[in-house]
2 protein chains.
Amino acid sequence: MDNSLYIGVDLGGTNIKAGAVSDTGRIIHEIETATEADQGPPHVLDRIAGAVRDLSASIPGDAEIGGVGIGIPGQIDVKHGLCHFAPNMKGWDELSVTPALEEKLGCPVILDNDANVAALGEYAYGAGQGSLHMLMVTLGTGVGGGLVLDGRIFRGVRDLAGEFGHMSVDYNGFVCSCGRKGCIEEYASIRGIVRMVREKLDAGAESSLRSVEKLTPREIYHDAVNGDALAIEAFERAGDYLGIAIADVANLLNIERVVVGGGVANAGDFILNAARKRVAQDALPVAAKSVEIVRAELGNSAGLVGAAYLARTAAS
Amino acid sequence: MDNSLYIGVDLGGTNIKAGAVSDTGRIIHEIETATEADQGPPHVLDRIAGAVRDLSASIPGDAEIGGVGIGIPGQIDVKHGLCHFAPNMKGWDELSVTPALEEKLGCPVILDNDANVAALGEYAYGAGQGSLHMLMVTLGTGVGGGLVLDGRIFRGVRDLAGEFGHMSVDYNGFVCSCGRKGCIEEYASIRGIVRMVREKLDAGAESSLRSVEKLTPREIYHDAVNGDALAIEAFERAGDYLGIAIADVANLLNIERVVVGGGVANAGDFILNAARKRVAQDALPVAAKSVEIVRAELGNSAGLVGAAYLARTAAS
């Protein structure tokens, strides 16, 4: 058993979260600080290094830091520790991250995409535990994905794998921000769900949502719980579409578990039951029986503990 | 280097093909014999064992047989050497195969699904060579699939992975034999292509195919080569749908190569160019750039050499 602590960093456009994580996934100590992304990459790298040093200083004296894992909201070259592209952080295109941080910190550093480390976190310590092959789906502003196959992040040939949100469920459907038609992101994200509700309201549907000023998943969920038919339908339709895409993955990969997280997943069974029903109906019988669809367990900590787990497993 | 020969067996409902295969994928000697599936499993197992023994007897005296790999048209439990279900072979449901054959032959035997071993054959010795992650798609009566990830068949949790043919490209589309709507099998198989042509003919389209008695991919290809617009359109539409499903896989898995085989693939670039165009348009930029779509190279031998390669790599 490895008693070292590993530090996970969840780098966001707004905040840096960092935590020292035990081998059982317990966050021993955690800090959060502003990213200050507008001040450019060297500054952000200094802030990450500072957060890691502060954490190191705060943990019990006999514990050693084995390494640092960082989840980044962008497209990463894992092997070279390079950020190809990070839409929310200025100056991070084609930025070499790992060498500079390793020099600052004097310990191994590994980067990966934020959706990948969140999937790994749920796999190692959350709702994915005990599964062999797992897909994590994050329903939020967009729809993110991360694949853990045989216990490791599956990255594909250029570290882009896991883009579940851009699987198409309707080749004639809505145009996605990626340019493709019918991506599941257009149906199961906040944007997709709010659009469905708005369309129905515009078409004259009766609903308690009519009196809501700004439609959000939280408002829609509130009204769904209170029995509003339109609110319920919006989640069920999103779940049904989600199930179509999950059935594709189940048939292609015969995965064992799908872990659904993100803000929209708080609508829980309204969405998940519809997805389960669709998968039971659409996937091949063995594929449908093999796969469980469950809610994520780690919330916002998934990325942090997953990044620490990535560093831990990279070291062994 | 391993100088042993490994025997690959391609078990079909009609014929058994078996070959002794070198480590470079060369078929040293090959035999084909009737399956006689109607006479039941023990008889077929005897015939497989007989074919293997005949092969062993025919190869040069100093070569040893390291093991036997068998591709079976059904659903296989690879670990236990069990056939769960084989639609074209009576009595093969839940049939234990490996122990009986190993006793008969005195060497290791490994089974897998026929689409999986064909994918592995193309990966090791055909159009998949040099790729890290590869999907094989077989366009025939149905649409088959096999995934090779990190150089190994990816089987999923219950050995069902690779069912590319049952990814849906249109949730409101044609009902597939599996019960699902819009499976790519309904668009890119012989059945799908012939149906497209027939529908257009019924709707009054002008075409040289109107004079053809029995529509087959061969006839349609013949007329496509001669410039018949409907024949060309049929393949291009099939390829376009194929591209939608490949774009899904490219986004999810960031694979490096898609190898397209089967009878319909003889229509070559009519289909493949349409698929390539759709993938370039639909997949995320990096995913689209990562993936090459190429024709299979091994034809009917893919399964045989793939089964031998499976036995070879299982032994090492």
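The values are calculated or read from the model by the stated rules, or taken from the named source; none is laboratory data. These numbers come from a predicted model, not from an experiment. Cβ coordinates were reconstructed from backbone atoms using ideal geometry, including for glycine residues, and neighbour counts include every protein chain displayed.
Restricting attention to region A:146-155 and to residues that are at the interface with chain B (Cβ under 10 Å from one of its Cβ atoms) and among the hydrophobic types (A, V, I, L, M, F, W, C), the residue that is surrounded by the fewest Cβ atoms within 10 Å (Cβ to Cβ) turns out to be A:149.
The condition of being touching a Gly at 6+ places or on another chain (Cβ under 6 Å), within 14 Å of chain B (Cβ to nearest Cβ) and within 24 Å of residue B:164 (Cβ to Cβ) does not hold for residue A:258.
Here's the yes/no breakdown for (1) closer than 28 Å to residue B:49 by Cα; (2) of a type outside the set (Phe, Trp, Tyr):
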| position | (1), (2) |
| --- | --- |
| B:116 | yes, yes |
| B:122 | yes, yes |
| B:125 | yes, no |
| B:143 | no, yes |
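For residue A:158, the test of being over 14 Å from residue A:310 (Cβ atoms), basic (Lys, Arg), surrounded by fewer than 23 Cβ atoms within 10 Å (Cβ to Cβ) and away from chain B (no Cβ under 14 Å) is failed.
Can you run down the residue pairs with Cβ atoms below 8 Å, 6 or more apart or on separate chains, where the first is in region B:267-286 and more than 9 Å from chain A (Cβ to nearest Cβ) and the partner is charged (D, E, K, R) and not in a helix (DSSP H, G or I)? Between residues of region B:267-286 that are more than 9 Å from chain A (Cβ to nearest Cβ) and residues that are charged (D, E, K, R) and not in a helix (DSSP H, G or I), the close pairs are B:268/B:295; B:272/B:295. For region A:161-172, state whether one or more residues are over 23 Å from residue A:217 (Cβ atoms), at pLDDT below 95 and in the same structural domain as residue A:241 (by TED's automatic domain parsing). Among the residues of region A:161-172, at least one is over 23 Å from residue A:217 (Cβ atoms), at pLDDT below 95 and in the same structural domain as residue A:241 (by TED's automatic domain parsing), which makes the answer yes. Condition test on residue B:267, is it surrounded by fewer than 24 Cβ atoms within 10 Å (Cβ to Cβ) and of a type outside the set (D, E, K, R)? Against the criterion (surrounded by fewer than 24 Cβ atoms within 10 Å (Cβ to Cβ) and of a type outside the set (D, E, K, R)), residue B:267 does not qualify. Among the residues of region B:172-192, the ones that are crowded, with 22+ Cβ neighbours inside 10 Å, among the hydroxyl-bearing types (Ser, Thr, Tyr) and within 13 Å of chain A (Cβ to nearest Cβ) come to 1 in all. Regarding region B:193-216, can at least one residue be identified that is in a loop (DSSP other than H, G, I, E, B) and crowded, with 22+ Cβ neighbours inside 10 Å? No: region B:193-216 contains no residue that is in a loop (DSSP other than H, G, I, E, B) and crowded, with 22+ Cβ neighbours inside 10 Å. In this structure, does residue A:244 turn out to be crowded, with 24+ Cβ neighbours inside 10 Å, over 24 Å from residue A:122 (Cα atoms) and in contact (Cβ under 8 Å) with a residue 40 or more places away in the chain? Criteria not met by residue A:244.
Counting only helices (runs of 4 or more DSSP H) that sit wholly inside region B:26-145, those with at least 2 residues that are within 14 Å of another protein chain (Cβ to nearest Cβ) are B:114-125. Looking only at region B:217-229, residues that are part of a helix (DSSP H, G or I) and surrounded by fewer than 20 Cβ atoms within 10 Å (Cβ to Cβ) come to 5 in all.
No other residue among B:165, B:239 is in a helix (DSSP H, G or I) and under 16 Å from residue A:247 (Cβ atoms) apart from B:165.
One residue is enough: does region B:202-225 have a residue meeting the conditions away from chain A (no Cβ under 12 Å) and touching a residue at least 60 places away in the same chain (Cβ under 8 Å)? For region B:202-225, residues away from chain A (no Cβ under 12 Å) and touching a residue at least 60 places away in the same chain (Cβ under 8 Å): absent.
For every residue, the table says whether it meets (1) at pLDDT 95 or above; (2) surrounded by fewer than 19 Cβ atoms within 10 Å (Cβ to Cβ).
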residue	(1), (2)
A:6	yes, no
A:11	yes, no
A:19	yes, no
A:48	yes, no
A:58	no, yes
A:61	no, yes
A:65	no, no
